[in-house]
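What follows is a set of notes on a single structure, which appears directly below.
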Amino acid sequence: MRIALAGLATSHPYTDARALRDHAELVVWEPDPQRLARFRGEQPDAVVAPDLSALLATDPDGVVLTVPIPDVPEALARVLERGLPCFVNKPAAATLDQLDRLERVVARAPELVLTSSVLRFAPAFVGWDVRPEEVLSVRATVRHDVGLWATGYNPWQDDPAVGGGTLVMMGLHGMELLVALLGPAVSLVGATSTVRRHRGLRSEDTGLLAVRWDDGVPGVVEVLGVSQDEAYEVTVHTVSGERRVVLRGGADELGYRATIDAFVSMVRGAPSPVPWAQTRAVLGVLAAARAAA
């Protein structure tokens, strides 16, 4: 099996590669020399391609796509033209315009596209059974420090009009978990954001999304970009009491390896494990929140 890593624009593909090398030979393309040097240091056996065209010309069996969000639709279109399954590292869209462009591309072959927070595949969450009819309300809390962005690191991620900022980049984890639990029939009620600690950000370090499912269940996503540790929590309120799952730890506990396993299954012929309707709901709420906040 040969897997192509198209871009190294975030930290995720380095983790992806560590899981993928158990399954496949790797081919990589990344225009930034420092990111590429780091990758080659970790994966010295990977073949380096000079551009996306050359990468796709190596006839990979699947593609992990990690480029700045505005570049996703065009790059994904070229992957799908070859009929290749593609894992698009999150988020695949951050604004309503970006989502519109993305959706037109995905419509060609939604079964070949996986884009998701890895937390959906975290073992502790996958094994968590909640009956939707018992739910009164839900809350997801995302704790992931974004202070590095205030230093100028990866400025496109912190730009609300490009990467969506903290509200989208980190809020996606919470929305992903809630949609996985209760389904895609959800809409934004309101959103707010602020800078509480990390001065110099272009977006925010703290935010909140209020959402509502069509059956009346209300929900909240708390985004805490000022945090000493990384953790993700979902609380479900039911008539009989409160149920909670907390996700923290390394790549295995947070679902990175299980996400790659799901992608490898796609390479072997399975359809995307996350229906596009769910992904569309997650990205739609986040893009609406970005516009509102």
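Here is how the numbers come out for the structure above:
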item: Per residue accessible area in Å² of the range 124-258, where ligands, DNA and RNA are left out and the probe is 1.4 Å; result: 45 Å²
item: Full-extension gain in nm, SER265 to ARG21, via 0.36 nm per residue minus C-alpha separation; result: 86.4 nm
item: Per-selection Kirkwood Rh - the range 1-121 (Cα, Å, 1 d.p.); result: 14.4 Å
item: Virtual spin-label span in nm between ARG197 and LEU148, 7 Å along Cα→Cβ; result: 1.6 nm
item: Rg(Cα)/(2.2 N^0.38 Å) for the range 123-189, N = residue count; result: 1.38
item: Given charges at beta-carbon only (K, R positive; D, E negative), |dipole| of the range 10-105 in Debye; result: 180 debye
item: Size of electric dipole in the chain: Cβ of Lys, Arg +1 and of Asp, Glu -1, about Cα centre, debye, nearest 20; result: 260 debye
item: Order by protection proxy (mean Cβ within 10 Å, highest first), peptides 88-101, 49-62; result: 88-101, 49-62
item: The range 1-132, relative contact order [Cα under 8 Å, separation at least 6], %; result: 22 percent
item: Modelled FRET efficiency - R0 22 Å, ALA161 with GLU111, Cβ distances, 0.05 increments; result: 0.10
item: Rounded, prolate or oblate (a/c below 1.5 giving rounded, otherwise prolate when a/b exceeds b/c) for the range 33-81 by Cα gyration tensor; result: oblate
item: Extension gain (nm, one decimal) between GLU134 and ARG212, 0.36 nm per residue minus Cα-Cα; result: 26.5 nm
item: Positive-pole candidate from LEU286, ALA4, GLY200, dipole of the chain, charges at beta carbon; result: GLY200
item: Kirkwood-based Rg to Rh ratio, the chain, C-alpha trace; result: 0.95
item: Dipole in debye (nearest 20) - the range 159-226, about Cα centre, beta carbon charges: Lys, Arg +1; Asp, Glu -1; result: 320 debye
item: Pair GLU222, ALA57: separation of 7 Å Cα→Cβ label points (nm); result: 5.3 nm
item: Relative contact order computed over the range 66-149 (Cα-Cα under 8 Å; 6+ residues apart), in percent; result: 27 percent
item: Rounded accessible area of TYR153 (nearest 10 Å², 1.4 Å probe); result: 80 Å²
item: Whole-Hz couplings from phi, Karplus 6.51/-1.76/1.60, listed for the range 248-253; x for Gly and Pro; result: 7, x, x, 4, 5, 5
item: Relative contact order, percent, the chain [alpha-carbon distance under 8 Å, six or more residues apart]; result: 21 percent
item: The range 114-260 - Rg and Dmax from Cα coordinates, angstrom; result: 15.3, 47
item: Distance from the range 226-262 to the range 11-32 (C-alpha centre basis), Å; result: 24 Å
item: Rg [Å, one decimal], Dmax [Å, integer] - the range 181-293, C-alpha atoms; result: 16.6, 47
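The values are calculated or read from the model by the stated rules, or taken from the named source; none is laboratory data. These numbers come from a predicted model, not from an experiment. For neighbour counting, all protein chains shown are included, and Cβ atoms are generated from backbone atoms with ideal geometry for every residue, glycine included. Protein only, heavy atoms only, side chains kept; ligands, DNA and RNA dropped before computing areas. Shrake-Rupley method; radii C 1.70, N 1.55, O 1.52, S 1.80 Å.
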